[in-house]
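Take a look at the structure set out below.
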Amino acid sequence: MKLLVTGAAGFIGSAFVRMLLGRQDGTSVTVLDKLTYAGNLENLEPVRDLAGFAFVRGDIANAEVVNALTADLKPDAIVHFAAESHVDRSILSPGEFFETNLRGTFTLLEAARAYKVPRFVHVSTDEVYGSLDEPLEADENFPLNTSSPYSASKAGSDLLVRSYFLTYGLQTLITRASNNYGPYHFPEKLIPLMINNALEGKELPVYGDGMQVRDWLFVEDHARGIEAVLKSGRAGEIYNIGGNCSLPNLEVVNRIIAATGASPSQIKYVQDRPGHDRRYALDSSKLTRETGWSPQVEFNDGLRITVDWYRNNRGWIDRVRSKEYLKFYDENYTRRGPAGVAA
């Protein structure tokens, strides 16, 4: 299979690419990534020299770049991860989220339609369902109820993708996953932030009372779920991908404290952010029923793997914090051959 994967220098997309290319089964992947703050080519270092890997630096909202790449590659599928994805950043700078998440998705859909791409997988989020009271769990028909510019932009892009199936017959699929965690996670998100602060003896800032509930999904389980949808999902359908592990944020922080040997005294309660959803919960039974997928990594096991990775990769953290990782592209790709040529 020949894939065009957007945003795969990020956390989840890079896990997907590492999984596929690590098998060395003839799958080829071309990554299109703008390399904004969370796009880190070091995330793809394990596969960069494998046969079938190519990288193009470019903006998904740039129609010239997207059309040229799609026409040249003639992919069997586009798997679309690229998005601005941090709620706090969307509150501070919402315009970037609508430019990337809506205009960028539109540009990709138009290219897929023009060049007759057989399959289009759009990777979304459970945040489009909004906050749910217990014991509700959102299935794929649950109403959309967004609370932040980020979730609103993702809901809008979901609807746009759906419209291209209904209007143009483009073979689209949408996935909506719960909160991911695992190695290579950009350190502004809850779990990597808490792990690194715990390892360094810093304060562990907890929003509000810390009782916001999230369903946690190990990133490699998510990658397997996306592959299951790509290969076996029904065109035009939406598939939830959940971890079946709902925990309050404070419980997650306490488990990180236990796993790292930090002190509970490091917890510091801070003012809650505006529009902070109280509880997310997903029903993933449709994906399991239709493809046989289920999450394989228990939370405590995944957390141990994640803590060990951050403990053993302090250089990666330092380069991210200092923005030294942004030099990685120029040093390792600009001077490379055709597979590393920037768009």
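Values quoted throughout were computed directly from the atomic coordinates according to the rules given, and no laboratory measurement underlies them. Computed from a prediction, not measured in an experiment: that's the story for all the values here. Cβ: placed from backbone, ideal geometry, glycine included. Neighbour counts: every protein chain shown.
Quick look at the values:
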{"read-out": "Inter-probe distance in nm under a simple model that places probes 7 Å from Cα toward Cβ, at Arg162 and Tyr37", "value": "3.1"}
{"read-out": "Packing-based ranking, highest mean first, of 294-300, 317-323 given that Cβ atoms within 10 Å are counted", "value": "294-300, 317-323"}
{"read-out": "Relative packing of 4-11, 307-314, which averages over residues the other C-beta atoms within 10 Å, highest first", "value": "4-11, 307-314"}
{"read-out": "Reach of Lys286 by Cα under 16 Å, taken over lysines that are not fewer than 8 positions away in the same chain", "value": "Lys231"}
{"read-out": "The chain: most fluctuating residue of Leu204, Leu92, Leu247 per GNM, C-alpha cutoff 10 Å", "value": "Leu92"}
{"read-out": "Relative packing of peptides 162-170, 28-36 - highest average C-beta neighbours within 10 Å first", "value": "28-36, 162-170"}
{"read-out": "Gain on full stretching of the segment that runs from Lys116 to Asp301 - 0.36 nm per residue minus C-alpha separation", "value": "62.4 nm"}
{"read-out": "Cα-centre dipole for the stretch 155-226 with unit charges at Cβ (Lys and Arg positive, Asp and Glu negative), debye to 20", "value": "260"}
{"read-out": "When each of Lys154/Lys268; Lys74/Lys189; Lys154/Lys189; Lys154/Lys202 is checked by Cα-Cα distance, pairs over 27 Å", "value": "Lys154/Lys268; Lys74/Lys189; Lys154/Lys202"}
{"read-out": "Correct option for Cα extents along the principal axes in Å [calculated from the coordinates] among (i) 57, 46, 38; (ii) 67, 49, 38; (iii) 63, 40, 36", "value": "(i)"}
{"read-out": "The chain: most fluctuating residue of Glu251, Glu227, Glu84 per GNM, C-alpha cutoff 10 Å", "value": "Glu251"}
{"read-out": "Linear extension gain, Glu324 paired with Met1, 0.36 nm per residue minus alpha-carbon span", "value": "112.9 nm"}
{"read-out": "Sites Ile91 and Ala71 - FRET efficiency at Förster radius 45 Å, r taken between beta-carbons, to 0.05", "value": "0.75"}
{"read-out": "Computed FRET value (nearest 0.05) for Glu251 with Lys231, which takes r as the C-beta separation and R₀ as 25 Å", "value": "0.10"}
{"read-out": "In nm, spacing of pseudo-spin labels at Asp209 and Asn141 (7 Å Cα→C-beta vector)", "value": "3.4"}
{"read-out": "Under 5 Å, built H, 5+ apart or other chain: amide partners of Tyr269", "value": "Val206"}
{"read-out": "Added length on full extension, which subtracts the Cα-Cα distance from 0.36 nm per residue, Arg289 to Glu99", "value": "64.8 nm"}
